[in-house]
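Chemist: Just dropping this structure here.
The values are calculated or read from the model by the stated rules, or taken from the named source; none is laboratory data. What you see is a predicted model, and the numbers here were worked out from it, not measured in a lab. Every residue, glycine among them, receives a Cβ derived from its backbone with ideal geometry; neighbour counts consider all protein chains shown. Keep in mind that these areas ignore ligands, DNA and RNA; they rest on the heavy atoms of the full protein, side chains included. Shrake-Rupley method; radii C 1.70, N 1.55, O 1.52, S 1.80 Å.
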Amino acid sequence: MSIDSVFVHKMWNDHELSKMVKGGVPFAMLSDAGGKVGSVFGVYDEDAGVETRGRFIIDPDGVIQGYEVLTPPVGRNVSESLRQIQAFQVVRKSKGTEATPSGWKPGKMTLKPGPDLVGKVWEVWKTNMAFD
Amino acid sequence: MAKEIKAGCARPTGGPVGEKKKKAPVKEESMIEEVRSMIKVGQKAPDFSAPAYHKGKFISVQLSDYLGKWVVLCFYPGDFTFV
């Protein structure tokens, strides 16, 4: 979503993005003229008249599980966004009984918070597991 | 004389030149603050609808139509802004 019109979105997709991604952008490119939606999400920069790089993860209940906002010159990390979605999905599937420690990714161990785990995380989880 | 603009990763914009406009009434500002503070993790995303371009068609998208699915909503400064 940006403040550009859907016509500009079409031009960008057809003339540039479709040359990077076969078949063009697979998802909807939304238009937010005037930054009204961006304002509600807190990412519209009124002085510059544009949105900042905000990314929101919204779960099937419509609840915001996470967000990240960057200034214009730095791009996002898609792998990290996917990792976060996978982690939120694991937690949701476990109905909140499992938690994903720092650096978790699919295949790594989750934690089951409870009275028995208090003060015992050091026994089952090592700091090197926070890294790839 | 018109000056050449350097292309950066923010969409080039302009605005009124000269004395700064008087600040908006305080009331309005506090309202904006209120809206901003509405965004919190663990809370419902504000619903909206917006026009969109999707695979050759112009469509209207409403966030609440995607209940039951995981949604990633991305904002960016503008088309053709490089990164």
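Chemist: Please list B:K69, B:K3, A:K108 from largest to smallest accessible area, probe radius 1.4 Å, with all protein chains kept in place.
Modeler: B:K3, B:K69, A:K108
Chemist: Which loop GluC sites (Glu not before Pro) in region A:1-105, with loop taken from DSSP, have no more than 11 other Cβ atoms within 10 angstrom of their Cβ?
Modeler: Taking region A:1-105 and a limit of 11 other Cβ atoms within 10 Å, the loop GluC sites (Glu not before Pro) found are A:E46.
Chemist: Same structure, new question: Given a 1.4 Å probe and the protein chains all in place, what does the accessible area of A:V78 round to, in Å² to the nearest 10?
Modeler: In the full protein context, A:V78 sits at about 100 Å².
Chemist: Quick one: ranking B:I5, B:I59, A:I64 by accessible area, 1.4 Å probe, largest first, what do you get?
Modeler: Putting B:I5, B:I59, A:I64 in descending order of accessible area: B:I5, B:I59, A:I64.
Chemist: Here's another thing I want to ask about it. List the accessible area buried at the contact between A and B, summed over both sides and calculated with a 1.4 Å probe, in Å² to the nearest 100.
Modeler: Counting both chains, the buried surface is close to 4500 Å².
Chemist: Here is a follow-up. Please list, short to long, the whole-number percent of alpha-carbon pairs of chain A in consecutive 10 angstrom bins beginning at zero.
Modeler: 10, 28, 30, 19, 10, 2
Chemist: How much length would be gained if the chain were fully extended between A:N128 and A:E98, taking 0.36 nm per residue of separation minus their Cα-Cα distance, in nm to one decimal?
Modeler: 8.8 nm
Chemist: Now a separate question. Return the subset of B:K40/B:K69; A:K19/A:K95; A:K36/B:K57; A:K95/B:K40 for which the Cα-Cα distance in this structure is over 30 Å, preserving the input order.
Modeler: Numbers: B:K40/B:K69 20 Å; A:K19/A:K95 42 Å; A:K36/B:K57 23 Å; A:K95/B:K40 21 Å.
Those over the limit are A:K19/A:K95.
Chemist: Using a Cα-Cα cut-off of under 13 Å, which aspartates and glutamates could be cross-linked to A:K22, ignoring same-chain neighbours fewer than 8 residues away?
Modeler: Answer for A:K22, where 13 Å is the Cα cut-off: A:D14, listed by chain and number.
Chemist: With n ≥ 4 as the cut-off for DSSP H runs, can you work out [θ] at 222 nm for chain A, using -39500 (n - 2.57) per run divided by the number of residues, rounded to the nearest 500?
Modeler: -6500 deg cm²/dmol
Chemist: With a 1.4 Å probe and every protein chain kept in, tell me what percent of the accessible surface of region A:6-78 is carbon plus sulfur.
Modeler: That fraction is 60 percent.
Chemist: Just the accessible area for B:L63, please: 1.4 Å probe, Å², rounded to the nearest 10?
Modeler: Near enough 20 Å² of accessible area.
Chemist: Okay, moving on. Give, in nm to one decimal, the length gained when the segment between A:L111 and A:H15 is fully stretched (0.36 nm per residue of separation minus the Cα-Cα distance).
Modeler: 29.9 nm
Chemist: Quick one: check the C-alpha center-to-center distance for region B:47-83 versus region A:10-29, whole angstrom.
Modeler: 14 Å
Chemist: So for B:T81, A:T100, A:T127, B:T13, what's the accessible-area order with a 1.4 Å probe, most first?
Modeler: A:T127, B:T13, A:T100, B:T81
Chemist: How much accessible area per residue does chain A have, in Å², with a 1.4 Å probe?
Modeler: Numbers: 7610 Å² over 132 residues.
About 58 Å² of surface per residue is accessible.
Chemist: Using 0.36 nm per residue, how much length does the chain from A:N77 to A:A33 gain when fully extended, once their Cα-Cα distance is taken away?
Modeler: 13.2 nm
Chemist: Gaussian network model of chain A, Cα springs within a sub-10 Å range: biggest mean-square fluctuation belongs to which of A:G96, A:G49, A:G114?
Modeler: Its mean-square fluctuation being the largest, the pick is A:G114.
Chemist: Mind telling me which of A:A33, A:A87, A:A48 comes out most flexible in a GNM of chain A, alpha-carbon contacts under 10 Å?
Modeler: Judging by the Gaussian network model, the answer is A:A48.
Chemist: Against the longest alpha carbon principal axis of chain A, how many degrees, from 0 to 90 and to the nearest 10, is the axis of helix A:78-93 turned?
Modeler: 50 degrees
Chemist: Additional query: With N set to the residue count of region A:6-78, report its C-alpha Rg divided by 2.2 N^0.38 Å to two decimal places.
Modeler: 1.24
Chemist: Be a star and scan region A:86-118 for residues whose amide nitrogen sits under 11 Å from the point 7 Å along the Cα-to-Cβ vector of B:V72.
Modeler: Taking a point 7 Å out along Cα→Cβ of B:V72, the residues of region A:86-118 whose backbone N falls under 11 Å are A:86.
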